[in-house]
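Engineer: Right, I'll just put the structure down here and ask away after.
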Amino acid sequence: MVFKKKHLFNIVASFILLIRNFFFLIFFPYKGMRKISLERDYWQIFFIFLLVFIYFNLSSFLKEESYLPIFKFFIFLINFFLMIGFFYFLGRFFNRKIKKESFLFTFSYALLPTLVWFFTVFFLYFIFPPPRNFSLMGKTFSLFFITFSLTILFWKLVLFYLAIRFSTGLSFFEIVYLVFLFLLWYFPYSIVLYYLKIFRAPFI
């Protein structure tokens, strides 16, 4: 009984840490990601992946999907670990001391802007359902959404860079080179996923 209570306490503590790290990444992304790169509490990753799974299930109610949510979640996991594997194995050419665990934590937390954007789009669909007209309210909403999306994109790029930076310990230009190589294969790959109607927008 004591073991179960302790286990439950650890799970709750991990969830609280996730929320704290979330706000840290908003206001202090550099310090937050550096601390996350040293994390070893895997419950935090579990909660992030659980949010991804919940989103795929919720989005299936929004519109008719060609694939089951569990299948899309499985494809997401493949994409996620392919991305981690890419930066890990190529990063080892520059730095042999990098560790796999750091990639898992930093890239998992780098998913938070993606989750925020997709969940926001999901809820806005119910608050302001299409079709949306060109009234003052419609234009205001469009301006807000574009501004919000660009802000989230900038946050995502910052966290993505920091995830690579603290997981590999590489310099700015080395990271830019790795990202360029990553995009060379990921863009065609994401187009294939789009035409297969698995993901309309890359979930990374």
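The values are calculated or read from the model by the stated rules, or taken from the named source; none is laboratory data. Being a predicted model, the structure only gives us computed values, none of them experimental. Every residue, glycine among them, receives a Cβ derived from its backbone with ideal geometry; neighbour counts consider all protein chains shown. These area figures cover heavy atoms from the full protein model, side chains too; ligands, DNA and RNA do not enter into them. Shrake-Rupley method; radii C 1.70, N 1.55, O 1.52, S 1.80 Å.
Engineer: Look at R20 and say whether it is open to solvent by 50 Å² or more (accessible area, probe 1.4 Å), in contact with a Phe, Trp or Tyr (Cβ under 8 Å, 6 or more places away or on another chain) and at pLDDT 95 or above.
Structural biologist: Values: open to solvent by 50 Å² or more (accessible area, probe 1.4 Å): yes; in contact with a Phe, Trp or Tyr (Cβ under 8 Å, 6 or more places away or on another chain): no; at pLDDT 95 or above: yes.
Criteria not met by R20.
Engineer: Quick check on K5: is it at pLDDT below 90, assigned to a helix (DSSP H, G or I) and of a type outside the set (A, V, I, L, M, F, W, C)? Steps first, please.
Structural biologist: Working: at pLDDT below 90: yes; assigned to a helix (DSSP H, G or I): yes; of a type outside the set (A, V, I, L, M, F, W, C): yes.
Yes, satisfied.
Engineer: Any idea how many residues of region 85-117 are assigned to a helix (DSSP H, G or I) and open to solvent by 30 Å² or more (accessible area, probe 1.4 Å)? Even if it seems obvious, please write down each step before you answer.
Structural biologist: Looking only at region 85-117, we keep the residues that are assigned to a helix (DSSP H, G or I), and these are 85-91, 100-109, 112-117.
Within this subset, residues satisfying the condition of being open to solvent by 30 Å² or more (accessible area, probe 1.4 Å) are 86, 89-90, 100-101, 104, 116-117.
Of the residues in region 85-117, 8 are assigned to a helix (DSSP H, G or I) and open to solvent by 30 Å² or more (accessible area, probe 1.4 Å).
One line per residue, one yes/no per condition, for (1) more than 14 Å from F86 (Cβ to Cβ); (2) touching a strand residue (DSSP E or B) at 6+ places or on another chain (Cβ under 7 Å); (3) at pLDDT below 90; (4) assigned to a helix (DSSP H, G or I):
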| position | (1), (2), (3), (4) |
| --- | --- |
| R165 | yes, no, no, yes |
| Y177 | no, no, no, yes |
| F180 | no, no, no, yes |
| L184 | no, no, no, yes |
| I191 | yes, no, yes, yes |
| Y194 | yes, no, yes, yes |
| K197 | yes, no, yes, no |
| R200 | yes, no, yes, no |
| I204 | no, no, yes, no |
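Engineer: How many residues does region 27-68 hold that are under 20 Å from Y161 (Cβ atoms), exposed (fewer than 14 other Cβ atoms within 10 Å of the Cβ) and among the hydrophobic types (A, V, I, L, M, F, W, C)?
Structural biologist: Qualifying residue count for the region: 3.
A quick yes/no check of all residues on (1) touching a residue at least 12 places away in the same chain (Cβ under 8 Å); (2) more than 16 Å from the chain's Cα centre (by Cα):
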| site | (1), (2) |
| --- | --- |
| F9 | no, yes |
| V12 | no, yes |
| L18 | yes, no |
| N21 | yes, no |
| F27 | no, yes |
| M33 | yes, no |
| E39 | yes, yes |
